[in-house]
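Notes to accompany the following structure.
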Amino acid sequence: MIPQVFKEVIDLGDGRTISIETGKLAKQAHGSVVVQSGKCMLLCTIVSNYQQSAVDFLPLTVDYREKFAAAGRYPGGFFKREARPSDGEVLTMRLVDRVLRPLFPKDYHAETQVMIQLMSHDDEVMPDAMAGLAASAAIQLSDVPFETPISEVRVGRIDGQFIINPTYAQLLQSDIDMVIGASADSVMMVEGEMDEISEEEMVEAIKFAHDAIKLQCAAQVKLAEAFGKKETREYEPELEDEALAKKVHDLTYDKVYAVARAASAKHERSAAFDAIKEEVKATFTEEELADYGGMVSKYFYKAEKKAVRDLTLNEGLRLDGRKTTDIRPIWCEVDYLPSTHGSSIFTRGETQALATVTLGTSREANQIDMPSFEGEERFYLHYNFPPFSTGEARPLRGTSRREVGHGNLAQRALKGMIPDDYAYTVRVVSEVLESNGSSSMATVCAGTMALMDAGVPMKKPVSGIAMGLISDAETGKYAVLSDILGDEDHLGDMDFKVTGTAEGITACQMDIKVKGLSYEILVNALKQAQAGRLHILEKIVETIAQPNADVKPHAPKMITKIIPNAFIGALIGPGGKVIQELQKATKTTIVINEDPITEEGIVEILGTNQDGIDAVLAKIDSLMFKPEVGGTYEVKVIKMLDFGAVVEYIQAPGNEVLLHVSELAWERTENVTDVVNMGDVFNVKYFGVDPKTRKEKVSRKALLEKPEGYVARPPRENNDRGGRDNNRGRDNRGRDNRRDDRRPREDRKED
């Protein structure tokens, strides 16, 4: 039976469209949709169990995968099957998850899985920009409880004009690359990188994106109505007890408020809150705790949250005693690790990051092999968040999605400040050693200092700050918090991180937890973030004002040499013999890349010893040396032969040529040693390639005066066949060396 297909088309306004379609694929899923733009197609499904899980949170999994077959390619490596997700796929999962998760009911705890797959790729379409639309559309077609449709779009800007979902080519010209997630009413998520734009420009980009998202949300509603919107499923909600909630609040609020106002350190404060919780629980019998223990903990958390928020809104104070605009004490240090190419420590309050920099050749570039993108990164940053940084002990399960996301944010913050023509590949690693509020922003600051310590010529230093927001819709009060703590992140209404130079924003990550946040509040928050960012930047500059003039003595020096493609083979040698021996002898690393556009070879020479680098450069100059016809050159005898001497050009060691015995002197030379010996240095004249021998010809005698009375020997008359026949059978003294037997040819054949 031919399936009934339902479809809605969204006009992007410049001839491009996005279609959302259902009814053809994956019909056993609780909701499925195909989103298409150009030749790019995403399949998204949602399945949610009908039984609640025995946990107090939503076990939601958002999975995004790109199939290599979608681009007509094979997976790289030994196993020809897609395996663990790439960093790019993980980042897309996070973009979608952060918008979806807050819109499920707080008491909905059923195992839920959203799967998004790239099924067909288009080089001109970036699929991650449509992943949020696909996820929300699939949910709208299901019976899973969900507050409102959302969507995500990418915004670029070229020559001052904003673009929705730019192509790859357009993004290369854009000074903004932002992904915005929102519902029709509220912006919920912002993430991206910028070329030092202002706060006002950032807000303009968000508004432009939100207008496009409203159209995409309306299209989802129309599709769901045409398809036949399912009734939202019923599920067993969490138990509520207003009397119990009031009792816990009355027992908790004042005590928590007092502890919060005491401005204690993180561990002391946590211990005090735990003690209050135990006092509250002690007022209940064991039977009551067995029945309502979970509810007591929930209501305690609500009372704690309200007390902390009220302290800030009413008195302008925070958990550690700071005012809303205060930044925690900062201390910094560079060149801490003696063996790294660059290192730094950045400590802000109870958050600390130790950053290292490693310099390498293009061979160390980070290779990216995804169906939607192939390329390499010459600058990349890795972020590690060990459990001891928060005073915990837990098993290590590999790199988490959070670590990938935080590392990517810091990388995007810094990469624009690395010169495009910088020869090195640069790897920054951030080890978070303490964490209580925005270790990713500490990573940006530590990374800046480590790069400058390594001698990387950064255009400008970059700093970052994490901001928070506490608001009360009833009273209209709100407070923007600079440099938030971990607790303030959990208790607040907005968490946003902003990085930038003194001139503008380079990257941001924002999660908004309240509906209808006004753009006025957003601009005020960004302005306050700017002030905090500049304060932190001053501390960085006090520690290291500018990049070191050169790399450290033990760090490798990089020299780049351009050579014509024709000389690459000579430098490599047969089977790589020449380059391997050269690297071994000079203790350097040599990497050769061919530029297909310029038809030139780019030779990277990396070494810690300048003499070794100079030796490689000399070898390259020698291989590329080409004497000019008629030129005079100084040579040295390196080998003696019976018929001449092999000489080496002094200015190009290793470049050899034969000096024939007839070109040594005007007089007849019986023995080569009569004129020159090993190690002799003299000048020769270059005549180019001899058309007879097809070998290069040089002459010593051409630079000497002819002896008085010198008469050149007449050339041999060997141009006619008869002349050659007359000499046939004679030795070099003219004697006949043929057989005496002069019988006719016929007789000789019979023998």
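The values are calculated or read from the model by the stated rules, or taken from the named source; none is laboratory data. All of these numbers come straight from a predicted model, not from anything done at the bench. Counting neighbours? That spans all protein chains shown, and the Cβs are built from the backbone with ideal geometry, glycine included.
A compact table of results
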{"quantity": "Residue under evaluation ILE563, criteria (1) surrounded by 15 or more Cβ atoms within 10 Å (Cβ to Cβ); (2) modelled with pLDDT of 90 or more, criterion not met", "calculated": "(2)"}
{"quantity": "Subset of the range 620-644 that is more than 27 Å from THR673 (Cβ to Cβ) and among the aliphatic types (A, V, I, L, M) - its residue that is surrounded by the fewest Cβ atoms within 10 Å (Cβ to Cβ)", "calculated": "VAL629"}
{"quantity": "Within the range 605-619, considering residues that are part of a helix (DSSP H, G or I) and either buried (at least 20 other Cβ atoms within 10 Å of the Cβ) or in contact with a Lys or Arg (Cβ under 7 Å, 6 or more places away or on another chain) (or both), the one modelled with the lowest pLDDT", "calculated": "LYS619"}
{"quantity": "Qualifying helices (runs of 4 or more DSSP H) (wholly inside the range 209-318; at least 3 residues being among the hydroxyl-bearing types (Ser, Thr, Tyr))", "calculated": "242-261, 286-315"}
{"quantity": "Among the candidates LEU25, LEU100, LEU58, residue that is in contact with a helix residue (DSSP H, G or I) (Cβ under 8 Å, 6 or more places away or on another chain) and farther than 24 Å from GLY398 by Cα", "calculated": "LEU100"}
{"quantity": "All positions within the range 416-444 that are buried (at least 19 other Cβ atoms within 10 Å of the Cβ) and within 26 Å of ILE602 (Cα to Cα)", "calculated": "GLY416, MET417, TYR424, THR425, VAL426, ARG427, VAL428"}
{"quantity": "Subset tally (residues that are exposed (fewer than 14 other Cβ atoms within 10 Å of the Cβ), of a type in the set (Asp, Glu) and under 29 Å from the mean Cα position of the chain (by Cα)) for the range 501-537", "calculated": "1"}
{"quantity": "Complete set of residues in the range 487-538 that are part of a loop (DSSP other than H, G, I, E, B) and either without any contact (Cβ under 8 Å) to a residue 24 or more places away in the chain or of a type outside the set (A, V, I, L, M, F, W, C) (or both)", "calculated": "GLY492, ASP493, THR501, GLU503, GLY504, LYS513, LYS515, GLY516, SER518"}
{"quantity": "The lone exception for ILE484 - which of (1) within 24 Å of the chain's Cα centre (by Cα); (2) outside any strand (DSSP E or B) it fails", "calculated": "(1)"}
{"quantity": "Residue check for VAL672: hydrophobic (A, V, I, L, M, F, W, C), closer than 26 Å to PHE567 by Cα and not assigned by TED's automatic domain parsing to the domain that holds LYS587", "calculated": "no"}
{"quantity": "Subset of the range 633-660 (residues that are over 51 Å from the mean Cα position of the chain (by Cα) and among the small types (Gly, Ala, Ser))", "calculated": "GLY644, ALA645"}
{"quantity": "Candidates VAL647, VAL676 - the one that is surrounded by 14 or more Cβ atoms within 10 Å (Cβ to Cβ), part of a strand (DSSP E or B) and of a type outside the set (Asp, Glu)", "calculated": "VAL647"}
{"quantity": "Selection status of VAL55, of a type in the set (A, V, I, L, M, F, W, C), in the same structural domain as SER19 (by TED's automatic domain parsing) and surrounded by 23 or more Cβ atoms within 10 Å (Cβ to Cβ)", "calculated": "no"}
{"quantity": "Residue match in the range 134-153 (condition: in contact with a strand residue (DSSP E or B) (Cβ under 6 Å, 6 or more places away or on another chain), of a type in the set (A, V, I, L, M, F, W, C) and assigned to a strand (DSSP E or B))", "calculated": "yes"}
{"quantity": "From VAL203, VAL221, residue being of a type in the set (Val, Ile, Thr), more than 30 Å from THR285 (Cα to Cα) and in contact with a Lys or Arg (Cβ under 9 Å, 6 or more places away or on another chain)", "calculated": "VAL221"}
{"quantity": "Those residues of the range 316-369 which are under 14 Å from ALA555 (Cβ atoms) and of a type in the set (D, E, K, R), in sequence order", "calculated": "ASP335, GLU364"}
{"quantity": "Pairs where the first residue, in the range 54-76, is modelled with pLDDT under 90 and the second is in a loop (DSSP other than H, G, I, E, B) and of a type in the set (A, V, I, L, M, F, W, C), C-beta under 8 Å, 6+ apart", "calculated": "PRO75/ALA83"}
{"quantity": "Near pairs, Cβ below 6 angstrom, 6+ apart or cross-chain, from the range 656-672 (free of Cβ contacts under 8 Å to residues at least 40 places away in the same chain) to any residue that is aromatic (Phe, Trp, Tyr)", "calculated": "VAL661/PHE643"}
{"quantity": "Of residues in the range 157-192 being part of a strand (DSSP E or B) and of a type in the set (S, T, N, Q), the one surrounded by the fewest Cβ atoms within 10 Å (Cβ to Cβ)", "calculated": "GLN161"}
{"quantity": "Verdict on VAL90 being farther than 21 Å from GLU124 by Cα, in the same structural domain as LEU133 (by TED's automatic domain parsing), buried (at least 18 other Cβ atoms within 10 Å of the Cβ) and among the β-branched types (Val, Ile, Thr)", "calculated": "yes"}
{"quantity": "The range 436-461 residues that are not assigned by TED's automatic domain parsing to the domain that holds GLN411, paired with ones that are of a type in the set (A, V, I, L, M) and modelled with pLDDT of 95 or more (beta carbon under 7 Å, 6 or more apart)", "calculated": "none"}
